[in-house]
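Participant: Here it is: the structure, laid out below.
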Amino acid sequence: MADYKTTVALEIGAQSVTMGVFTPSGKGYALSRYARKEIVLDPVEEGMRMDYVSSTIAELVTELKVKGSEVRNVVSGQQVFMRFIKLMALEGSDIAEQVGYEAQQHIPFPLDEIQWDYQELPDRGTGDTEVLLVAIKKDVLDGLNTQVEESGLKTRSVDCSITSLYNAFRVSYPEEEQPVVILDIGAKTTDIIFAEAGRFFTRSVTAAGAFITNSISREFGIGFREAEKLKVESGMVSLGNGFTDNLPEEEAALATTIRNAMNRLSSEVQRTINHYRAQYKGSAPVKAYICGGGARLPYAVEFLQSTLNIEVEFMNPLAAFSIGSKVDEEALGMDTLCLGPIAGAAVTGAGVGEFSIDLVPTSVGKERAELQMLPKVIAGGVVAVVGAAAMALMADNAASEAESMVSKARPALEQIESVNSGIQSAHSRYKRAAAELSTLMAHYDMRTAYADVLKQLSERSASVKFWFTEFAPLINYDVAKTSLADSPEVKGTRLIEPSKSRSAGNNSSINQAPEAVDVRARNKAPKVTAICVSGYTTKKPGDDRSQTQRQVIYDLVAKNFDERSADSLFSYQNADIMKNLNHYYQFIDSKAARGKVSVPDYVEKFTIIMPLKTPIAIPELGEGK
C-alpha cells in the first residue's frame with residue numbers, strides 16, 4: 001500500500017546537484033519546492049569535486065529549509081555497476097545467497113569493498129530467475145553519505161538514477177504499454193533504458209553532454225568551461241540539408257559540431273537496440289522518450305527522430321505529480337527534464353515503484369542493525385522486570401531457602417573470583433606487552449618513513465616540465481602561520497643543515513632541538529611535520545608568461561597528493577591551498593630574484609611546502625655518536 005509522506009530527495013549528478021521536497025497531495029504527491037545547481041568542472045579540476053559538491057548540498061539545505069530531515073539519495077549511473085544475472089531454480093535455495101555468489105563473479109572488486117542490492121525481474125517463462133544486480137564501491141558510497149550528513153541531513157536510502165528514473169516513468173506514463181526506450185542524456189553518460197511489458201534492460205554509453213562539450217572545445221580551441229557555456233547559450237543540433245545556410249558562421253560551425261557528436265549518440269542507441277533484440281529477445285521500441293540536461297539542446301528531438309526512425313518526445317517525469325504554489329513555473333519549465341531521478345525517489349518512498357534498490361552506507365547499516373536489536377533488548381528488560389517482581393513476591397516465604405542456596409553457592413563464587421583475578425592479571429600483562437609492541441612497531445615504521453615519502457613523491461611527480469633539486473624535512477613547521485612571500489628562503493628549521501653535512505660527520509648535521517623551535521612554549525615534541533621541495537621549471541628566455549607552468553605544478557599537487565586519498569602521505573586540503581597559495585608555493589624567476597638568489601633566465605625556481613599527514617619523529621642520538 002502506498003504510504004505518502006513528505007519525502008526529501010537528493011540527486012548528485014556529474015555536473016549538477018538537485019534537491020526536491022515532495023508532500024502528500026490527495027492520493028499522490030506534490031512537488032512542494034526544489035532547487036538545482038550546476039557544477040561545471042574542467043576535467044583537470046576533478047580532484048576538487050567533493051569540495052564543490054559538499055558546499056552545494058549545504059546551500060540547497062539552507063535554501064529549501066530541510067536541515068535535520070531524512071533524505072533519499074540518488075547516485076548517478078556512472079558510479080554504479082549494473083549486471084543482469086540469471087539464477088538457476090534450486091529448491092530450497094536462498095536468492096540473496098545466489099546473488100552474492102554471482103556478484104563475486106561479475107563485479108571486478110572484492111565483495112568487502114562494495115555494497116550491493118538486487119531486484120528480481122519479472123518471470124519471462126524461461127524457468128530461470130533473472131535479477132538486476134546494482135553495486136557501488138563502499139568508499140564512494142560512504143563519501144557521499146559523509147557529504148550528506150555534514151550538511152545536516154540523515155540518509156534514509158540510496159538508489160541509482162537509472163532505476164529511480166524508471167520508477168518515475170512508470171508512474172507518470174501508466175498507460176504506456178508499447179515497447180519504448182528512455183534516453184537520459186546526462187553530463188558524462190547517456191542511460192539507455194528499455195521499458196517493455198515483462199522486460200527491463202539498460203545500458204550506459206559515454207556519448208553524452210561532456211562528450212559534446214569536449215568536441216566543441218577541440219573544434220574551437222577553447223577551454224572546457226568556455227565550451228560548456230557556448231553550448232548552453234548558443235548551441236543547437238544541425239538538421240542538415242541546408243539547415244545552417246542562414247546562420248552566422250560561428251553558430252553554423254557550432255551546430256555542425258554538435259550534430260557530429262550527436263551522431264555518435266544515435267549510433268550507440270541503435271547498436272544497443274540491436275543488442276537488446278538479439279541477446280534479450282526484446283521488441284524494437286516504437287517510441288523514444290528523452291530527458292536529462294543534454295535533451296535541452298534545441299532540435300535534439302527532431303534530430304533523434306530522423307536518425308532513429310521512431311517517434312521521439314520529451315519525457316515529463318512529473319506528469320503524475322501536482323505542483324506546489326511556491327514552485328517557480330518558469331524555472332520548472334527549464335528543469336523538468338532533469339528532475340526524473342528525484343521524482344523516482346519520491347515514488348520509491350511511497351512504496352509504489354517497480355524497483356526498490358537501497359545501497360546502504362556503512363554507518364547507516366550499523367544504525368539499522370542497532371535499531372533491529374532494540375525490540376529484543378526491550379523484551380529482555382521486560383522479562384527481567386517481571387522476573388524480579390515475581391521473586392520479590394516470593395522472597396518473604398523463601399528467605400531461609402535462599403540463605404541455604406547462597407551458602408552452597410559461596411565456594412563456587414570464591415573459585416570464580418580467583419579465576420577472575422588471574423584473568424585480570426593476565427589482561428594487565430597483555431596490555432603492557434601490547435603497548436611495548438606498539439612502540440616497537442612505530443619505530444619499525446619510522447625506518448622506512450623517508451623512503452616511502454621519496455618513493456611517493458618520485459612516482460607521482462614525474463614530468464619533463466620541471467625537476468627537483470632539494471628535499472628538506474622541516475621541524476615543527478606550521479604552514480598556516482608561515483608565508484613564503486616575504487623571503488627567498490624558507491623560514492623553518494631543517495632537519496639536516498646542508499653546511500654542516502658538507503663539513504662534518506652525518507650525525508653532527510642533524511638538528512635535535514633547534515633554538516628556532518621553542519618546544520616547551522608550544523608544548524610540542526620536535527617532529528618533522530612538513531617537507532620542503534625545491535626545483536626548477538623551464539621557460540623561454542625573456543618570457544614572462546610562466547603561469548602555465550605554475551598551473552602544471554598546482555594541478556599535480558591537487559591531483560596526486562590530496563589527503564582524502566587513502567594512500568596519500570601528505571596533508572593537503574585543496575580549498576585551503578587555493579586561498580593561501582603563498583603558504584604552500586613560491587616561484588622566483590630571474591627578474592623577481594633581483595640578486596637575492598641566482599636564477600638563470602631560461603628557468604623559474606620554485607619551492608613547495610608539503611605538510612605530512614603523519615609527522616615523523618626525530619631520531620634520538622646518543623652522546624658522542
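Participant: Inspect all residues belonging to the range 39-57 and state whether any of them is within 30 Å of S217 (Cα to Cα), open to solvent by less than 30 Å² (accessible area, probe 1.4 Å) and among the polar types (S, T, N, Q).
Facilitator: Checked the range 39-57: at least one residue is within 30 Å of S217 (Cα to Cα), open to solvent by less than 30 Å² (accessible area, probe 1.4 Å) and among the polar types (S, T, N, Q).
Participant: Which members of the range 321-347 meet the condition of being touching a strand residue (DSSP E or B) at 6+ places or on another chain (Cβ under 6 Å) and within 27 Å of V134 (Cα to Cα)?
Facilitator: Passing the criteria: L337, G340, P341, I342, A345, A346.
Participant: Also, I was wondering about something else. Examine the range 217-226 for a residue that is outside any loop (DSSP other than H, G, I, E, B), under 21 Å from V301 (Cβ atoms) and of a type in the set (A, V, I, L, M, F, W, C), and state whether such a residue exists.
Facilitator: no
Participant: Oh, and also: Out of the residues in the range 230-259 that are without any contact (Cβ under 8 Å) to a residue 12 or more places away in the chain and closer than 29 Å to E46 by Cα, which is most open to solvent (accessible area, probe 1.4 Å)?
Facilitator: E233
Participant: Hey, another quick one. Under 18 Å from G344 (Cβ atoms), outside any strand (DSSP E or B) and of a type in the set (K, R): which single residue out of R156, R170 fits that description?
Facilitator: On the way: R156 fails: outside any strand (DSSP E or B).
Criteria check complete, one pass: R170.
Participant: Within the bounds of the range 116-131, is there any residue that is open to solvent by 10 Å² or more (accessible area, probe 1.4 Å), farther than 30 Å from F321 by Cβ and among the aromatic types (F, W, Y)?
Facilitator: yes
Participant: Let me ask you something else. Going residue by residue through the range 17-38, is there one that turns out to be modelled with pLDDT under 90, under 19 Å from P341 (Cα atoms) and within 20 Å of the chain's Cα centre (by Cα)? Spell out the reasoning first.
Facilitator: Looking only at the range 17-38, we keep the residues that are modelled with pLDDT under 90, and these are 24-29.
If we keep only those that are under 19 Å from P341 (Cα atoms) as well, we get 24, 28-29.
Then keep just the ones that are within 20 Å of the chain's Cα centre (by Cα); that gives none.
Checked against the condition, which is being modelled with pLDDT under 90, under 19 Å from P341 (Cα atoms) and within 20 Å of the chain's Cα centre (by Cα), the range 17-38 yields no hits at all.
Participant: Also, quick follow-up: In the range 260-269, is there at least one residue being open to solvent by less than 30 Å² (accessible area, probe 1.4 Å), closer than 22 Å to F201 by Cβ and among the aliphatic types (A, V, I, L, M)?
Facilitator: yes
Participant: Right, here's the next one. Residues G92, G100: which one is at pLDDT below 85 and either among the aliphatic types (A, V, I, L, M) or open to solvent by 80 Å² or more (accessible area, probe 1.4 Å) (or both)?
Facilitator: None of the others qualify; the one that does is G92.
Participant: Under the condition of being β-branched (V, I, T) and modelled with pLDDT of 80 or more, which residue from the range 535-551 is farthest from I577 (Cα to Cα)? Even if it seems obvious, please write down each step before you answer.
Facilitator: Just the residues of the range 535-551 that are β-branched (V, I, T), to begin with: 537-538, 548.
Imposing the further condition that a residue be modelled with pLDDT of 80 or more reduces the set to 537-538.
Values: T537: 20, T538: 23 Å.
If we take residues in the range 535-551 being β-branched (V, I, T) and modelled with pLDDT of 80 or more, then T538 is farthest from I577 (Cα to Cα).
Participant: If you check T6, T62, T23, which single one turns out to be loosely packed, with under 14 Cβ neighbours inside 10 Å and hydroxyl-bearing (S, T, Y)?
Facilitator: After ruling out the rest, the residue left standing is T62.
Participant: Here is a list: A278, A252, A284. Which entry is of a type in the set (G, A, S) and in a loop (DSSP other than H, G, I, E, B)?
Facilitator: Result of the check over A278, A252, A284: A284.
Participant: Exactly one condition in (1) farther than 18 Å from S356 by Cα; (2) surrounded by fewer than 18 Cβ atoms within 10 Å (Cβ to Cβ); (3) touching a residue at least 60 places away in the same chain (Cβ under 8 Å) is false for G198; which is it?
Facilitator: Only one criterion is unmet by G198, namely (1).
Participant: Give just the number: which of (1) of a type outside the set (G, A, S); (2) at pLDDT 85 or above; (3) surrounded by 13 or more Cβ atoms within 10 Å (Cβ to Cβ) does E113 not satisfy?
Facilitator: The failed condition is (3).
Participant: What about V61, is it closer than 30 Å to P108 by Cβ and at pLDDT 90 or above?
Facilitator: No.
Participant: Of the residues T146, T202, T213, T163, which single one is in a helix (DSSP H, G or I), more than 27 Å from M48 (Cα to Cα), among the polar types (S, T, N, Q) and at pLDDT 90 or above?
Facilitator: The match here is T163.
Participant: Another question, then. Can you pull out every residue in the range 296-331 that is assigned to a helix (DSSP H, G or I) and free of Cβ contacts under 8 Å to residues at least 24 places away in the same chain?
Facilitator: Going residue by residue through the range 296-331, those that are assigned to a helix (DSSP H, G or I) are 296, 300-308, 329-331.
Within the range 296-331, V301, Q305, E329, E330, A331 meet the criteria.
The values are calculated or read from the model by the stated rules, or taken from the named source; none is laboratory data. Keep in mind that what you see is a predicted model, and the values were worked out from it rather than measured. We place every Cβ from the backbone using ideal geometry, glycine too, and count neighbours over all the protein chains shown. The area values use the complete protein model at the heavy-atom level, side chains included, leaving out ligands, DNA and RNA. Shrake-Rupley method; radii C 1.70, N 1.55, O 1.52, S 1.80 Å.
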